[in-house]
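Everything below concerns the one structure shown next.
The values are calculated or read from the model by the stated rules, or taken from the named source; none is laboratory data. In this text the structure is predicted, and so the values were computed from the model without any measurement. Neighbour counts are summed over all protein chains in view; Cβ atoms, including those assigned to glycine, are modelled from backbone coordinates with ideal geometry. Note: accessible area is taken over every heavy atom of the protein model, side chains too, but ligands, DNA and RNA are not part of it. Shrake-Rupley method; radii C 1.70, N 1.55, O 1.52, S 1.80 Å.
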Amino acid sequence: MKRKRIFKIIVGLLILLFIINVVASLFFYNLAIKRGPKDFLSDNKDLEVSAQAMETFLAGDWRDWVREQPFKEMELTSYDGLKLEGYFLKAKQPTNKLVIFTHGYLGNAKQMGLYGQYYYEQLGYDIFMADARGHGQSEGDYYGFGWHDRLDLIDWTNKLVDQFGKDTEIVWHGLSMGAATVLMASGEDTPSNLKAIIADSPYSSVHDLFAYQMKRMFHLPAFPFLNSTSVVAKLLAGYSLEEASALKQVKQANVPILYIHGNADTFVPTSMTEKLYQQTKSPATLLKVDGANHGEAFVIAKEDYINALQRFLETYVDR
């Protein structure tokens, strides 16, 4: 009788743990991956930015510049049937240089105008930026964290080459989730027109990012909650957290990559970019910016950022 009672207790505990794990997995999926407001980030100290960066992000003259530009709206149907929205701006003078921007988590395409203004005004590039699936005007009921977005990026690139000519020379420039997107795409069969990639503040994989944030924000271990969340993500969004890896992809990359990351980034640790840089197959360059939190490098050290960007583009694009 005693053994039966112990057995029932053990079984009951296991069932309870299973139920807790399922509930937690659905909670974390809805919290981070399902499309919708993410109030939990509003008070996240890791995303607090300097007064200088905040002023630029919220009220910089680049915002007026974006509003004044005659962007041409474009549409793409993704491989899985979603309507994606993009925005193209032709350079003032004819050029075969085109930069394609990929924005961050919960952002939208035109926020990349912060960087687009420089490419357009100073470098004379055509510029293109698209709302990632689940963001802005694009369809989608989940956030891809770069994994499905990598295929969307390649489709956008091919569409633009078809439209503007096979002599088009393309640069991918991504920020945060957008940086992970360009890196995840780098390991695919990339278009021959792609000449260079800029990855600003990327994470090594979705699993690594979630494990870091789960410990930092909720003081929880990755196992078992992250493993079961990954299963839920596979069922509901079509990808697992483990497979969505920029690190695996850059080991197969053939296009030169410029990595940029702030040394004061506590939302996506700098060590993730250092690891990506060390294991990149293609030629790679790394710029680390002292005092810059997540995505702040362009504002905190604009001259250093631009100098590194110019040297990189002169080496691999403007030859």
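Annotation for D189 and K248: the two label points, set 7 Å from Cα along the Cα-Cβ direction, are 1.9 nm apart. Ordering of 212-221, 83-92 by packing is 83-92, 212-221, highest average first (other Cβ atoms within 10 Å, averaged per residue). Taking only protein heavy atoms and a 1.4 Å probe, the accessible area of segment 125-216 is 44% carbon and sulfur.
Measuring r between the beta carbons of H219 and E303 and using R0 = 45 Å, the FRET efficiency lands at 0.70. Angle, helix 177-186 long axis vs. longest principal axis of the chain, Cα atoms, 0 to 90°, nearest 10? Between helix and principal axis, roughly 80 degrees.
When all alpha carbon pairs of segment 138-233 are counted in 5 Å bins from zero, the resulting P(r) reads 3, 12, 19, 19, 17, 12, 7, 5, 3, 2, 0 %. Extending 7 Å from Cα along the Cβ direction at T315 and again at K166 yields two label points whose distance is 3.0 nm.
Backbone amide hydrogens, once placed in the peptide plane, bring M74 within less than 5 Å of G86, Y87, F88, excluding anything fewer than 5 places away on its chain. Within segment 249-316, all pairs of alpha-carbon atoms sorted by distance into 10 Å bins from zero give the percentages 22, 47, 29, 1.
Each of [x] 139; [y] 190; [z] 119 is a candidate for volume of the Cα convex hull per residue in Å³; the one calculated from this structure is [x]. Projection of the Cα convex hull of segment 73-159, averaged over all directions and equal to a quarter of that hull's surface, yields 5.3 nm². Start at zero, step by 10 Å, and the Cα-Cα distances of segment 188-311 spread as 13, 36, 34, 15, 2 percent across the bins. Residues whose amide H falls under 5 Å from that of S240, counting only those 5 or more places apart or on a different chain, are absent, with hydrogens built in the peptide plane.
Once the Cα atoms are used to define both axes, helix 225-237 deviates from the longest principal axis of the chain by about 60 degrees. For segment 229-302, with all protein chains in place and a probe radius of 1.4 Å, 52% of the accessible heavy-atom surface sits on carbon or sulfur. Per-residue Karplus couplings for segment 91-97, computed as 6.51 cos²θ - 1.76 cosθ + 1.60 with θ equal to phi - 60°, are listed in order as 5, 4, 10, x, 8, 9, 9 Hz, Gly and Pro entered as x. In this structure, the residue pairs whose Cα-Cα separation is over 29 Å, taken from K90/K195; K97/K288; K38/K251, are K38/K251.
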